[in-house]
1. Return the residues of the stretch 633-671 that are outside any loop (DSSP other than H, G, I, E, B) and among the small types (G, A, S); say none if nothing qualifies.
2. Only one residue in A523, A561, A551, A541 is out of contact with any strand residue (DSSP E or B) (no Cβ under 7 Å at 6 or more places or on another chain) and among the hydrophobic types (A, V, I, L, M, F, W, C). Which one?
3. What are the residues in the stretch 650-667 that are open to solvent by less than 10 Å² (accessible area, probe 1.4 Å) and small (G, A, S), if any?
4. Go through the stretch 552-566 and report how many residues are closer than 21 Å to P623 by Cβ and surrounded by 15 or more Cβ atoms within 10 Å (Cβ to Cβ).
5. Among (1) assigned to a loop (DSSP other than H, G, I, E, B); (2) open to solvent by less than 20 Å² (accessible area, probe 1.4 Å), there is one condition C157 misses while meeting the rest; what is its number?
6. For T724, all conditions in the list (1) part of a loop (DSSP other than H, G, I, E, B); (2) open to solvent by 10 Å² or more (accessible area, probe 1.4 Å); (3) at pLDDT 95 or above; (4) out of contact with any Gly (no Cβ under 6 Å at 6 or more places or on another chain) hold save one; what is the number of the exception?
7. Under 15 Å from S125 (Cβ atoms), at pLDDT 90 or above and either hydrophobic (A, V, I, L, M, F, W, C) or more than 44 Å from the chain's Cα centre (by Cα) (or both): does that describe A85?
8. Cβ-Cβ distance below 6 Å, separation of 6 or more or different chains: which pairs start in the stretch 62-81 with a residue that is among the hydroxyl-bearing types (S, T, Y) and end on one that is open to solvent by 10 Å² or more (accessible area, probe 1.4 Å) and assigned to a strand (DSSP E or B)?
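The values are calculated or read from the model by the stated rules, or taken from the named source; none is laboratory data. Since we're looking at a predicted model, the values are computed, not measured. Glycine also receives a Cβ, built like all others from the backbone with ideal geometry; neighbour counts cover every protein chain displayed. Quick note on the areas: whole protein, heavy atoms, side chains included, nothing else; ligands and nucleic acids left out. Shrake-Rupley method; radii C 1.70, N 1.55, O 1.52, S 1.80 Å.
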Amino acid sequence: MPRRVAALHATALLSAVSAAALVTAVATGVTSPAGATPSAGAVLSEVYGGGGNSGATYNADFIELANRGAATQDVSGWSVQYLPASASPTASWQVTALTGSIGPADNYLISEANSGSTGANLPASQVSGSINLSGLSGTVALVRSTTALSCKTATDCAADPNVVDLVGYGTAVVHEGNAAPMLSNTTSAGRRAGPDTDDNATDFTAGAPTPTGSTTSAPPEPGPLRIHDIQGGGWLSPQAKQAVTNVPGVVTAVRTSGSSGFWIQDPDPDSDPATSEGVFVYTGRTPTVAAGDSVLVSGTVSEYYPGSDSSVLSVTEIGSPTVTVLSSGNPLPAPVVITPTSVPDTYAPDLGGSDIESTPVTPSRSALDFWESLEGMRVQVDDVPVVGPSNSFGEQYVTTKPDQARTYRGGAELLAENATPSGRLEIITPDGTPAVDVGDSYQGATVGPIDYSAFGGYTLVASTMGTVHKGGLVPVVATPGAAKQLSIATYNVENLAPSDPDSKFARLADGVVTNLATPDIIAVEEVQDNTGATDDGAVDASTTLQKLTDAVVAAHGPRYAWREVDPVNDQDGGQPGGNIRVVFLYNPDRVSFVDAGDASVDRSTTATEVVKSRGRPALTLSPGRIDATNPVWTDSRKPLVGQFRFGGKDVFVIANHFDSKGGDQDADGRYQYPQRSSETQRAGQAAAVHDFVRSILSIDRNADVVVVGDLNDYQFSPALRVLTTGSASGTAAPILTDLITTLPVDQRYTYVYNGVSQVLDHILLGGSADARPWHYQVVHVNAEYSDQASDHDPQVVDVTP
C-alpha cells in the first residue's frame, strides 16, 4: 500500500500534545489526539530535498500532495512554501504557486530545484518551482494563498488560517508535535498509513523517495496572455511588474549556470514583426524542464538590466515562476534564418542621446531594433565568419554580413564614430566548443535563442553549433628596418606583473624578438609594480622589468636597459594596487639614453620642461613626466618623456597611456548615440602632449619627435584631432602625423573589442622624424587570437633621424 494514503488535519497544527488528550487507535497501532480523523481534502504526502546532490536518488527536489477526499480539490491560488530549519529572524518562506486541481484519491507532484545532475528524472510533475529544499532539515507548508507566510514558530503557524498542512523534518524549528526524521540525499519524508496524529514524527517516516504524479487531473488551461502580449511592441513589457498566469510556450533552451532559467517560445506567432514570440523564464537555479516541453508558466514579469552599467538595454523575463509541463518531446519552433540582408545596415539610430527604450521597436530601423524584435526567439545563422576571438567564457563574435567593413585579415572594422558594424553578433557556445580566432568560421547552422549581454550586446545562445573551419591566420612578422634607421615600438602588455606565469613573459619576449624584430626603443604600457595587484604601497617595478628583459635575452634578443618614473601609489589608475606605468626599454648597443636632471627630484610629481641648450631643445628631466600635476592626469597614467641619441642626433620619444573609456555609455545600449564622457579627459591629455611637442618644435622645427602609446581612442576621435592639431575641430595645421591613418583603410586597427577591430594604439611623428623616410607596421599577434599574450597588438616604426 502506498505510504501517502493517510492524511493530516487541514486546520489543526499543534506544537505539543498533552498525554491526557491521547487515545489509542488499536486498529492501526498509532497514537492520535482525541478527535483526530483522516483529512477530507488535500494534504502533504511526501517531501524530498536531496535532488541532484551527491548520490541523490532523483535529480530534483519535490513536494507531493494527495487528495484524501471524495471530491476534486481545486488548488488554483494555493501554494507550497518552504522555510529553512533555523527560522532565523531574516529567514523567509519561499513560494511555489499551484494551479489546477487534484482529483479524488489522486496525487499532485511539484518538482522544485536541483543542485546538480545526479539522480533520475522525476515523473511528469503538475507544477515546477525553483525552491531549493534542504536535504536534511526544513519545513514545508501547504497554503491557501500565494502570499508568503510570516510565521516563524510552530504556535504562530498553527494560528494562521491559510495553513492547510505542514511538516517539519530534521532540526526544523517549525513543525507539528515532534519533527519528522532527518532526511538525506536518498530518503524522503513520506506519510505513514493510518489516521493523522498531528505529530510529524509519528505521521511521517524516512524512506526511499517515491514521487508519483497525477493520473486523473485535467491539465490547467492557458491564461489570457501570450508571449507577444508580454513582449509588446516596445522595448519594455506592457506587463512589467505584473503577475501573469499560465503563459503557454515550448521550452527551446535551458541555461544551467549564471542567470539560470529557460527560454520559451510560442509556436503560433502573431503578425506583428515588432513583437517577439520568445521570453526568458528566470528560475535562479537549474531548471527542471527540458527543450521540447510544452509548458504553462505563471510568475511576475520584469525588465532585467544585466551588469552594473545603467546604460545597457533590458531583457524581459518572467521571474518567480511556477511551471506546469503539459507534454514533452514536442518539436521546437522553426528558427528565424538570418541572411546577409536580414539585419539593417545601421547598427543604432541617432536619437540625439535619448533613450531608445522610449521609442517603438522598429525592426527595419537598426540592428538594435531588429534583435530586440527577436529577443528570446530561436534564430539561425549559417556559414558565419568569426570577427572576434573566443574567450574563456565561451564567447566569440561572428558577422552576419561577411562583406561589411571587412579587414584585410577577416575582422569587422570600426571606420567612424557610432558606426559599429551592424552584422556583428555575439555567440555563446556550449561547453567544449573549440577556440576560434578571427579568420575562422562556423560552417553550417548555428542555432539558439537571442539574449542580451552587458558585455557585448545581443547574443545568440547556441544550442546547435556550426562546424569550426580554421582560417589559419598567421601572426604578422615585421620587416626589419635598415641599419641606419631607428626602430621605435609601442606595446601594451596588459597588467604585466611578476606573478604572471613565465609563459606570458616568454611569449611577450618572443613577440619582441621575432615579430617586432627587436626594436631599438620600446614604449611598454601597463607594467605593474613588484607586487602586482596587491595594494601594499609598493611602487617599484624593477622585478617586473628584470623578468621581462631576462625573457628577451632568453629568446635570443638584446639585453634591454630601461628608464621609467615610479608613480605615486594608487594615483595612476588601472588595476587597483598594480600601479601601472609606461616604461622605456632600449637597446644600449644601438641607442643611448640622455639622462638629465637631479636624481633627488621627485619625478612623479615634478614636470620636465623643454629648454634651449646650445641652440637645440633639451629636457630638464629625462626621463620625465609632462605637466605631472595637471588635473587632466587624475587617476590616469602620466606621459613619460625621454631624450635618446642615435647616430649623433637627439630623438625625443613621448610614451603615453591615456585615460580609459570607463564611464562612457554603452555603445550597445539604451542611449543613442551614447555619451562618451571620458573623451573630455583624453582631449585634455592630448592638449598637454600637443603643447609639449610644440615647445620642442618651437626651438627646433627639425627636431625628431615621436609620440607613441595606448591613447585609448580612435584615429578619428576628438582626442586625436587635439593631439595632432591642437584643436578638437582639427582645422589647425597638424604638427604630428598619426601613422595609422597612412595605412590602407582595411588595415587601420590595433585592437579587437567585442568583435570590432579598432584603433587604440598609435605612433605619431613630428618634425624631421615625419619629414624623412619612415616605415610603419602594425604587428598583429594578439588581438585576433583566442590565445593571447596581451589584448593589444604592438606596432613599430623605422625612422631616419
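1. Filtering the stretch 633-671 down to residues outside any loop (DSSP other than H, G, I, E, B) leaves 633, 640-646, 649-657, 671.
G642, A655, listed by residue number.
2. Numbers: A523 fails: out of contact with any strand residue (DSSP E or B) (no Cβ under 7 Å at 6 or more places or on another chain); A561 fails: out of contact with any strand residue (DSSP E or B) (no Cβ under 7 Å at 6 or more places or on another chain); A541 fails: out of contact with any strand residue (DSSP E or B) (no Cβ under 7 Å at 6 or more places or on another chain).
Exactly one of A523, A561, A551, A541 is out of contact with any strand residue (DSSP E or B) (no Cβ under 7 Å at 6 or more places or on another chain) and among the hydrophobic types (A, V, I, L, M, F, W, C), namely A551.
3. Result: A655, single match.
4. Selection size over the stretch 552-566: 9.
5. C157 satisfies every listed condition except (1).
6. (1)
7. Criteria not met by A85.
8. Qualifying pairs under 6 Å: T72/S101; S79/V95; S79/A97.
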